[in-house]
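The structure appears below as structure tokens.
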Amino acid sequence: MEDEDFMGTKTHRLLNNAETQQMQDDIRALKERIQVLERIATDSSSTNDLNRQIEELRGQ
């Protein structure tokens with residue numbers, strides 16, 4: 001895998017299957033959280049519903 005830092009320095013490293021799976025799981029969880037945040041930002045839900053959704057995100 002090739003990584004590039006904010007200065008443009010590139011590094012190469014090998015990922016094992018466990019690391020790859022963990023990264024995929026992390027990305028999947030982040031995408032789910034983004035979907036919830038997008039829904040919260042665009043829905044006109046009640047305050048109680050909004051608070052419940054925020055608390056559910058904190059629990060993850």
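The values are calculated or read from the model by the stated rules, or taken from the named source; none is laboratory data. Keep in mind that this is a model prediction, so the values were computed, not measured. Quick reminder, even Gly has a Cβ in these numbers, built from the backbone with ideal geometry, and neighbours come from all protein chains shown. Surface areas here come from the heavy atoms of the whole protein model, side chains and all, with no ligands, DNA or RNA. Shrake-Rupley method; radii C 1.70, N 1.55, O 1.52, S 1.80 Å.
Residue pairs whose Cβ atoms lie under 8 Å apart, sitting 6 or more positions apart in sequence or on different chains, and linking a residue in the range 15-42 that is assigned to a helix (DSSP H, G or I) to a partner that is open to solvent by 90 Å² or more (accessible area, probe 1.4 Å) and of a type outside the set (Phe, Trp, Tyr), are Ala29/Gln60; Arg33/Gln60; Val36/Glu56. Consider Glu32 carefully, then state whether it is modelled with pLDDT of 80 or more and not small (Gly, Ala, Ser). So Glu32 fits the description; yes.
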